[in-house]
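Asker: Below is a structure I'd like to ask you about.
The values are calculated or read from the model by the stated rules, or taken from the named source; none is laboratory data. Everything numeric in this text was worked out from a predicted model, so none of it was measured. Every residue, glycine as well, gets a Cβ built from its backbone with ideal geometry; the counts of neighbours run over all protein chains shown. These accessible areas exclude ligands, DNA and RNA; they are computed on the full protein's heavy atoms, side chains included. Shrake-Rupley method; radii C 1.70, N 1.55, O 1.52, S 1.80 Å.
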Amino acid sequence: MIVQTVDVSGNTGKVISWNGKNKFDYWKLKNANEFKGKDGTFGQPYMRRDQNLELFSGEMCRSYTMSYLRESYLDGLLVYNYQFKKDLFSCINLENEGYIDKHCIGNGVFNLSNCQNGVSSFLSQPHFLNADRVFLNSLVGLKPQRDKHDFIVYYEPISGASLGGNVRLQLNFYLKPNEEIRIMKNIKPILFPFFWFDEEIRVIHHVKEELKSLRSTIDVINALPLIMLIAAIVSLISTFAVNFCKNSTKNAYMTERNSDKNVSTLLLNGTNQK
């Protein structure tokens with residue numbers, strides 16, 4: 001995979017090519033075959049909570065979107081948690097985005113057959129999280145839990161750097177009756193989970209420490225206007241206080257001189273009268 005490494009416009013990490021290709025040829029719509037989004041290493045600098053992330057996965061044969069879930073702290077550093085959109089694999093979205101060209105078997109599963117040499121394989125979240133209940137009810141032992149099975153990535157919001165996450169996906173095969181295989185002659189069509197994985201990603205410690213320093217520096221820079229405003233107000237108040245004290249001292253001095261002058265005048269007038 002080749003990605004764009006440096007770009008002042010915020011496109012750092014944007015996928016340019018994959019396996020020597022700059023687009024897919026698996027899907028009927030041109031839009032679906034384009035490489036859109038980043039590789040997940042970086043989001044957008046100065047991330048906003050209302051901003052979705054558009055990412056690309058060669059293994060999934062498509063681009064996809066993640067949405068803001070919540071904020072949390074990772075080793076003392078504020079991070080934004082992003083998750084798979086709940087309707088990412090819905091039939092309506094898959095059709096609108098051009099990722100299906102036949103009947104959709106249900107919400108929450110993505111048909112990979114076009115990019116897996118025709119093998120009837122489907123991608124979903126583990127234990128069919130966010131999928132139609134029909135897939136769950138066809139099997140025994142599945143229990144989707146969001147905290148264990150959701151696809152989560154943590155981003156530091158100032159730099160947009162990914163600090164870790166849990167990549168959780170499930171590969172399924174569509175099984176149907178097969179007259180040539182005895183044990184499969186009388187089975188009902190079913191989407192059978194083959195395996196699911198939880199790939200935990202963590203960034204090394206010194207990178208987090210550097211991001212903490214960056215965050216502290218930015219906080220100080222952002223606080224400078226307020227500090228300058230407070231300093232200006234304090235300076236103005238100090239100047240006013242000094243001038244007030246000077247005027248008060250001057251007025252007191254003038255009052256004292258006038259009093260002395262009045263006393264002298266009275267004494268002089270008294271002497272003259274005698």
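Asker: Just to be sure I understand the filter: pairs with C-beta atoms under 8 Å, separated by 6 or more residues or on different chains, first member in segment 171-188 and among the β-branched types (Val, Ile, Thr), second member open to solvent by less than 90 Å² (accessible area, probe 1.4 Å). Which pairs pass?
Answerer: Sorted first by the residue in segment 171-188, then by its partner, the pairs are Ile187/Leu175; Ile187/Pro177.
To keep it simple, each residue is scored yes or no on (1) open to solvent by 40 Å² or more (accessible area, probe 1.4 Å); (2) out of contact with any strand residue (DSSP E or B) (no Cβ under 9 Å at 6 or more places or on another chain); (3) farther than 18 Å from Gln44 by Cα.
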{"site": "Asn166", "(1), (2), (3)": "no, no, yes"}
{"site": "Asn172", "(1), (2), (3)": "no, no, yes"}
{"site": "Arg182", "(1), (2), (3)": "yes, yes, yes"}
{"site": "Ile190", "(1), (2), (3)": "no, no, yes"}
{"site": "Pro193", "(1), (2), (3)": "no, no, yes"}
{"site": "Arg202", "(1), (2), (3)": "yes, no, yes"}
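Asker: Taking the stated definitions as given, is Ser121 open to solvent by less than 60 Å² (accessible area, probe 1.4 Å), within 20 Å of Asn172 (Cβ to Cβ) and touching a Ser or Thr at 6+ places or on another chain (Cβ under 9 Å)?
Answerer: In short, yes.
Asker: Also: Go through segment 124-156 and count every residue that is open to solvent by less than 30 Å² (accessible area, probe 1.4 Å), in a loop (DSSP other than H, G, I, E, B) and modelled with pLDDT of 90 or more.
Answerer: Selection size over segment 124-156: 5.
Asker: Restricting attention to strands (runs of 3 or more DSSP E) lying wholly within segment 1-77, give those where 2 or more residues are closer than 30 Å to Asp147 by Cα and modelled with pLDDT of 90 or more.
Answerer: 53-57, 62-74
Asker: Ok, one more. Among what's in segment 90-118 and is in contact (Cβ under 8 Å) with a residue 24 or more places away in the chain and more than 19 Å from Ser63 (Cα to Cα), pick the residue that is nearest to the chain's Cα centre (by Cα).
Answerer: Gly106
Asker: Right, next: In segment 68-86, which residues are of a type outside the set (Phe, Trp, Tyr), over 28 Å from Lys21 (Cβ atoms) and either open to solvent by 20 Å² or more (accessible area, probe 1.4 Å) or in contact with a Lys or Arg (Cβ under 8 Å, 6 or more places away or on another chain) (or both)?
Answerer: Within segment 68-86, the first condition is being of a type outside the set (Phe, Trp, Tyr), and the residues that meet it are 69-72, 74-79, 81, 83, 85-86.
With the extra rule that they be over 28 Å from Lys21 (Cβ atoms), the set shrinks to 69-72, 74-79, 81, 83, 86.
Selection gives Leu69, Arg70, Glu71, Ser72, Leu74, Asp75, Gly76, Leu77, Leu78, Asn81, Lys86.
Asker: For segment 157-195, which residues satisfy the criterion of being hydroxyl-bearing (Ser, Thr, Tyr) and assigned to a strand (DSSP E or B)? Break it down stepwise before answering.
Answerer: Pass one, segment 157-195, residues hydroxyl-bearing (Ser, Thr, Tyr): 159, 162, 174.
Ser162, Tyr174 - these are the residues of segment 157-195 that are hydroxyl-bearing (Ser, Thr, Tyr) and assigned to a strand (DSSP E or B).
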